[in-house]
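Please read the structure below before turning to the comments.
The values are calculated or read from the model by the stated rules, or taken from the named source; none is laboratory data. All figures in this text were calculated on a predicted structure; none of them were measured in a lab. Here the Cβ positions follow ideal geometry from the backbone for every residue, glycine too, while neighbour counts run over all protein chains shown.
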Amino acid sequence: MAKSSIISMTGYGRADFCAKTSGVEESFSLEIKTLNHRHLDIKVRAPQRFLRFEAELRGELKKKFSRGSVSVFINFVGSSGGESLLNTNLIESYLKGAKELREKFSLKGEPSVEFVLGLSNIFGGTATDSDAGEEETLKSLIEAVRVASEETLNMRTREGVALKADLLEKLETVGALLTSVEKKIPEVVEQYQGRLEKSIEKYRDAIVAHLDELRSGEGVLSSVGFDEERLVTEAAIFADKTNIAEEVTRFFIHINEAKKYLETDEPVGRRLDFLCQELLREANTVSSKTPDAEVTQLVVEIKGELEKVREQVQNIE
C-alpha cells in the first residue's frame with residue numbers, strides 16, 4: 001500500500017508464530033495496538049520466556065513507529081509434537097503459592113492454562129536444548145513483529161487518509177471565515193474613524209460654545225482645553241492598535257503552512273499541534289482588538305473549527 005502523507009496513531013495488527021522448547025512446538029499470537037501519545041511509548045506484555053528478547057523487540061518497533069502508544073501482547077495459543085516434559089513439581093509449587101495468596105488475602109480467580117504455560121522454567125530439557133532453540137525463537141518473534149507492524153501501519157495509513165481529508169476541509173472552512181473577516185477590515189476601520197471624527201466634532205463644538213459664553217459674559221472660565229492635533233495623533237495610534245490586518249495575514253500564512261505539512265511524507269503531528277496553538281493565539285488577538293460584533297462572531301466560529309482541528313491533530317503521528 002502506498003504511503004500516505006498523514007499517518008494516524010490508531011491501529012491494530014496481528015501475527016502468529018511458533019517457538020520450540022524441548023521438542024515441543026508451541027504456537028503464539030502477537031498483537032499490536034497503537035493509540036495517540038505525545039511521544040513513542042512502548043509497552044510489552046508477554047510470557048516470561050520472551051522477556052529476554054524485549055530489547056530486540058523494542059528495537060524492531062522503533063524502526064516502524066516514531067510516535068504514539070504502542071502495546072504489544074504475546075499470548076499462548078497451543079502446542080503440538082514431541083513430549084512436553086512438563087516440570088510438574090515446579091507447576092505444583094506455583095499453584096500452591098497461588099492458593100496461599102488467595103486464602104491469605106481473600107483473592108478471587110483461578111490460574112488459567114495460558115497463565116501456567118507462560119510461567120518460567122515449567123518445561124524440562126537441557127540447557128543445550130534451550131540454547132539451540134533460542135535463535136530460532138527470536139527469528140520467529142521478530143518476523144511476527146514485522147508482519148503485525150506492517151498490518152498496523154496499513155490501518156494507520158488508511159486512518160490517515162481520512163484524517164487528512166477532514167483536516168483539509170476544516171482548514172478550508174477556517175480560511176473562508178477568515179476571508180470574511182478580511183473583507184470587514186476596511187469597513188471596521190472606516191466605522192471607527194467616522195465615530196472618532198464625530199467625537200472630535202462634538203468636542204470642538206462644545207469648546208466653541210463655551211468660548212462664546214465667555215465672550216458674552218454669561219459663562220464662567222473653566223479648565224476645558226482642546227489640542228486637536230494631539231487628539232488626532234492618539235486616535236491614529238489607537239486605530240493602528242485596533243487594526244487586525246497583520247493578524248489576519250499571519251493567520252493565512254499559518255493555514256497555508258498547515259496545508260503544506262499535510263502533504264509531506266514525514267511525521268508532522270507535533271508541528272501541526274504547534275501551528276494550531278499559533279492559530280488559536282492569533283484568533284484570540286483578533287477577538288480582543290476588534291470592536292466589531294460581526295467580526296467577533298466570525299472569530300468565535302473560527303475558534304470552534306480550530307478546536308476541532310486541534311483535536312484531530314492529536315491523533316497524527
Exercise for the section: Evaluate the following for VAL309: is it assigned to a helix (DSSP H, G or I) and touching an Asp or Glu at 6+ places or on another chain (Cβ under 7 Å)? Expected result: no
When segment 242-279 is checked residue by residue, the ones that are at pLDDT below 90, charged (D, E, K, R) and more than 25 Å from GLY68 (Cβ to Cβ) are GLU246, GLU247
When restricted to GLU150, GLU114, GLU134, the only residue over 34 Å from the mean Cα position of the chain (by Cα) and modelled with pLDDT of 80 or more is GLU134
In the set LEU163, LEU138, the lone residue that is touching a strand residue (DSSP E or B) at 6+ places or on another chain (Cβ under 6 Å) and either surrounded by 20 or more Cβ atoms within 10 Å (Cβ to Cβ) or not charged (D, E, K, R) (or both) is LEU163
Of those in segment 260-271 that are surrounded by 15 or more Cβ atoms within 10 Å (Cβ to Cβ) and assigned to a helix (DSSP H, G or I), the residue nearest to the chain's Cα centre (by Cα) is GLY269
* To do: Could you tell me whether any residue of segment 14-32 is surrounded by fewer than 14 Cβ atoms within 10 Å (Cβ to Cβ), touching a residue at least 60 places away in the same chain (Cβ under 8 Å) and either touching a Cys at 6+ places or on another chain (Cβ under 8 Å) or polar (S, T, N, Q) (or both)?
  => no
Log entry, pairs with first residue in segment 262-285 being closer than 17 Å to ALA162 by Cα and in the same structural domain as PHE252 (by TED's automatic domain parsing), second being in a helix (DSSP H, G or I) and hydroxyl-bearing (Ser, Thr, Tyr), beta carbons closer than 8 Å, six or more apart or on different chains, reads VAL268/TYR261; LEU272/TYR261
